[in-house]
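The values are calculated or read from the model by the stated rules, or taken from the named source; none is laboratory data. Predicted model only: the values in this text are computed from it and were never measured. Glycine gets a Cβ as well: all are built from the backbone with ideal geometry, and neighbour counts include every protein chain shown.
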């Protein structure tokens with residue numbers, strides 16, 4: 001790709017990062033949709049977090065340049081470039097509010113954008129927690145570099161029955177270009193995953209009442225976000241407001257750790 005075209009790509013993505021908002025003093029959570037940016041979870045994720053008591057800002061990081069899932073999944077420089085842009089937005093936020101938390105929730109191919117954004121952070125910036133759902137990043141991905149730029153954990157909600165990961169993603173490859181199981185099918189199992197900071201949470205029938213049936217994007221519905229995903233975002237008890245500053249400092253993660261061992265997911269027999 002020539003330098004001029006790459007510059008245009010980055011300029012376009014910079015405009016999607018977003019602007020400052022008064023809610024940021026309570027934290028900032030970025031939601032990243034999947035390939036094509038078709039809108040799964042874009043409305044439900046902010047609603048679910050707000051209903052769970054989250055006072056911070058929730059923004060949608062739109063990264064697709066094609067609006068075509070197959071192209072976004074295979075033209076991987078788009079996701080990688082957008083990850084770098086998002087890293088810059090997170091760093092700017094943490095410079096203004098060093099005591100506030102930056103979190104990421106990502107779906108499908110957006111999980112690649114999320115992990116690459118965290119990898120590209122420059123010290124002392126650190127993301128709090130990252131939640132991956134329907135992850136089309138490889139299950140063998142090395143997350144050690146990302147974890148080094150985090151205060152908290154990576155939470156992976158996975159289901160062996162996911163029809164998109166069992167179908168199209170096996171044909172096209174994961175967002176990081178591999179042809180093995182996606183993390184959304186079996187969890188993250190690569191280097192760095194065994195150190196206790198990667199929490200793999202498998203589908204269970206108990207989640208059906210919350211709207212997660214083991215499909216690809218149904219766990220982004222507001223009920224599931226409120227009841228489950230918010231546990232990794234919303235602080236309980238007294239919350240200290242962060243004040244703007246230009247002198248970054250690191251703040252320990254005060255969020256109680258919620259660890260849930262994953263039950264065995266349902267059989268992988270659903271059609272695409």
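Computed quantities for the displayed model
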item: Enumeration of residues in the stretch 112-168 that are within 10 Å of residue 182 (Cβ to Cβ) and modelled with pLDDT under 95; result: none
item: Complete set of residues in the stretch 44-62 that are without any contact (Cβ under 8 Å) to a residue 40 or more places away in the chain and outside any strand (DSSP E or B); result: 46, 50
item: Residue check for residue 88: over 15 Å from the mean Cα position of the chain (by Cα), farther than 18 Å from residue 155 by Cβ and surrounded by fewer than 24 Cβ atoms within 10 Å (Cβ to Cβ); result: yes
item: Odd one out for residue 103 among (1) outside any strand (DSSP E or B); (2) over 17 Å from residue 177 (Cβ atoms); (3) within 16 Å of the chain's Cα centre (by Cα); result: (1)
item: Residues of the stretch 22-45 that turn out to be under 14 Å from residue 59 (Cβ atoms) and either at pLDDT 95 or above or surrounded by 12 or more Cβ atoms within 10 Å (Cβ to Cβ) (or both), as a count; result: 15
item: Residue list for the stretch 101-127, filter: surrounded by fewer than 24 Cβ atoms within 10 Å (Cβ to Cβ), in contact (Cβ under 8 Å) with a residue 60 or more places away in the chain and out of contact with any helix residue (DSSP H, G or I) (no Cβ under 6 Å at 6 or more places or on another chain); result: 124, 126
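Conditions (1) without any contact (Cβ under 8 Å) to a residue 12 or more places away in the chain; (2) under 18 Å from the mean Cα position of the chain (by Cα); (3) surrounded by fewer than 20 Cβ atoms within 10 Å (Cβ to Cβ), marked per residue:
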site: 135; (1), (2), (3): no, yes, no
site: 139; (1), (2), (3): no, yes, no
site: 171; (1), (2), (3): yes, no, yes
site: 180; (1), (2), (3): no, no, yes
